Amino acid sequence: MKSRAVLTIIIPLVILAVALATGSVLMLRLFSVAVLALSLSYLWARVGIRGITVEVKKSAERCQAGGRFNEEITVFSSSRIPKFLVTVEENTTLPGHHNVAVFNLSTKGYYVWQAQFDCRRRGQYTLGPLTVTVADPFGFFPLRRNMGEPQSIIVYPATLELPFFQLPSHHEPGPGSSRWLISEIGPNAARVREYTSGDTLNRIHWRSTAHTGKLMVKEFDADRSDYAAKNTWIVLDMHRASQSGDGDESTEEYGITIAASLIKKYVDGGQQVGLIASGDQPYFFPPETGSQHLWHILEALALMKATGEVPVERLISHEIERFGINSVIIVISPVISERMSALLRQVRNHGALVIIISLDSASFGGTARAVNATGSLVSSGLKVYDIKRGEYLERALDSRSSSYR
């Protein structure tokens, strides 16, 4: 464009210089024609940009990663003069999209075209404004106008169907179950077992301690038949130092996809579900039901960034009083520390049902810091899902094939 602008000035000046140097009448006439043509071209472009308006309609207000939506753009002309070679380009921050059309407009005519957008990645993006360009026949004076207002669009995280992700039974056998000692310990306690680090002293069952000679604690069991009505908490690790991998193949994206899928599963089932996380800001959604609650959480997950400074074990410690006998706690984290293991055993001992979804940091290019701590959770009888990079999450979170591991 800059080179064209320079030519519009240089060419007439060269013609004029030759005409003055040679005294050629033909060259003077050619100079006059050049000036007249450029003037008419400029007026053509100025008149051509006038009277143009645009209208944009989206087919949907919401879009999830992996989905798509359509957009209809209509360009109107209120002018009595036809307009040729009108170029309309939509400015957007959506990844991988370039929406442009070139067309002619008749007298008081209009042009309509539709564009399809693939929502590739969660986040907040803008559509618009539209840049309308009208040029003269020679292309010397292209004039641009931005039309329409930019519209914000949120791409929500993808949600997977997890029909076979089921809550384990409290009586489901697993490592550590052989240590349970059934005893008459009152109506609210289901069993006793040997004391482990993290147990509270008010849970000690003195009769069993005297009988076995070892420190024994009470373990409470919730009514499995009523678990559909209990509170479910999703605790998502968005601590900066815990994350591994890049882009879509990162623990951040895997964790958010799993959290979104589980929340949708429970909301669709009419159950109360909440979310706790600390990323670019603290996120706290108490357990509720309903589609409005679901979309509020999905919007937070769409914008959430794993830049938090608060480790997930601190979140659990801070909210531990909320996790009682009526709770299901699902922790999603790339790093299972010894501190977190002790806290989760304490939560389990308070009567909550605890499930750990461990994102295998090593498979995402990180270090295998979580292996030993995960093993201690398994040996305590807690349900642990180990998710590796590249796995089909629907299969990895299938309770029929996944066991204590």
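The values are calculated or read from the model by the stated rules, or taken from the named source; none is laboratory data. Since we're looking at a predicted model, the values are computed, not measured. A quick note on method: Cβ atoms are made from the backbone with ideal geometry, for glycine too, and the neighbour counts reach across all protein chains shown. Ligands, DNA and RNA are stripped out before the accessible areas are found, and what is left, the full protein with its side chains, is counted by its heavy atoms. Shrake-Rupley method; radii C 1.70, N 1.55, O 1.52, S 1.80 Å.
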Worksheet item: How far is it, in nm, from the label point at Asn146 to the one at Ile320 when both lie 7 Å from their Cα along the line to the Cβ?
Response: 5.3 nm
Worksheet item: Extent of segment 241-332 along each principal axis, from alpha carbon coordinates, in Å, largest to smallest?
Response: 35, 27, 18
Response to the item:
Whole-Å distance linking the alpha carbon centroid of segment 131-164 with that of segment 25-71 is 16 Å
Worksheet entry | Greater than 26 Å apart at Cα, pairs in Lys57/Lys305; Lys218/Lys264; Lys230/Lys388; Lys58/Lys388; Lys264/Lys383 | Lys57/Lys305; Lys218/Lys264; Lys230/Lys388; Lys58/Lys388
Fill in: Within segment 252-399: Cβ-based charge dipole about Cα centre, in debye rounded to nearest 20 (Lys, Arg +1; Asp, Glu -1)
340 debye
Worksheet item: Over what distance in Å are the Cα centres of segment 251-275 and segment 321-336 separated?
Response: 13 Å
Discussion item. Using amide H atoms built in the peptide plane, which far-off residues or other-chain residues are under 5 Å from Ser399 H to H?
Written reply: Phe165, Gln166
Discussion item. Just want the answer: with Cβ charges of +1 for Lys and Arg and -1 for Asp and Glu, which residue in Phe31, Tyr110, Phe84 is farthest toward the dipole's positive end in segment 1-116?
Written reply: Phe31
Practice prompt. Take the Cβ-Cβ distance between Ile9 and Val112 as r, set R0 to 35 Å, and report the resulting FRET efficiency rounded to the nearest 0.05.
Written response: 0.35
Worksheet item: Can you put Trp206, Trp44, Trp113 in order of accessible area, largest first, using a 1.4 Å probe?
Response: Trp206, Trp44, Trp113
Response to the item:
Heavy-atom accessible area of Thr289, protein chains in place, probe 1.4 angstrom, given in Å² to nearest 10, is 70 Å²
